[in-house]
Amino acid sequence: QVQLVESGGGLVQPGGSLRLSCAASGITSRLYAMGWYRQAPGKQRELGAIVTSGGATSYADSVKGRFTISRDNAKNMVYLQMNTLKPEDTAVYYCYLGLGGVPYWGQGTQVTVSS
């Protein structure tokens, strides 16, 4: 079955940077989207960024210009480079993979932006 494992979260000061990574396994097709959602305490999970199998990207307005999503199809990995982090970026970040209309989720990694 599809499994997603995230890494790279942590504590960073405002204005700092972090890079999240997600490794996917158990995939039998190349036609899948990957992305990052996030959920702050007391809020609903929201899309951060997504990249299609063809490489098209989409970002939430709140992260445009600061976050960059990329993927390595050979390694079945997706990355999220987060720059100029703000306290409001504090959340659990979940790796997402969409395959054949079915969503798959990682276990989540905590990102805390605080001085």
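Every number in this text was worked out from the coordinates using simple rules, so none of it is lab data. What you see is a predicted model; the values in this text were computed from it and never measured. Here the Cβ positions follow ideal geometry from the backbone for every residue, glycine too, while neighbour counts run over all protein chains shown.
Count the net charge of all other residues whose Cβ sits under 13 Å from the Cβ of Pro14, scoring Lys and Arg as +1 and Asp and Glu as -1.
Within the 13 Å Cβ shell, the charges total 0.
Summing +1 for each Lys or Arg and -1 for each Asp or Glu, what net charge is found among the other residues whose Cβ lies under 15 Å from the Cβ of Asn83?
Summing Lys and Arg as +1 and Asp and Glu as -1 gives +2.
Would you mind getting the Kirkwood hydrodynamic radius of the chain from its Cα pairs, rounded to one decimal in Å?
Kirkwood radius, the chain: 14.0 Å.
For Lys43, which lysines qualify as cross-link partners when the Cα separation must be under 30 Å and same-chain residues fewer than eight apart are set aside?
In chain and number order, the partners are Lys64, Lys86.
Using each residue's phi in segment 83-99, evaluate 6.51 cos²θ - 1.76 cosθ + 1.60 at θ = phi - 60° and report the 3J(HN,Hα) Karplus result to the nearest Hz, with x for Gly and Pro.
10, 6, 5, 10, x, 6, 7, 4, 5, 8, 9, 10, 6, 10, 9, x, 9
How much net charge surrounds Glu46 when only other residues with a Cβ under 12 Å from its Cβ are counted (Lys, Arg +1; Asp, Glu -1)?
Charge balance near Glu46 sits at 0.
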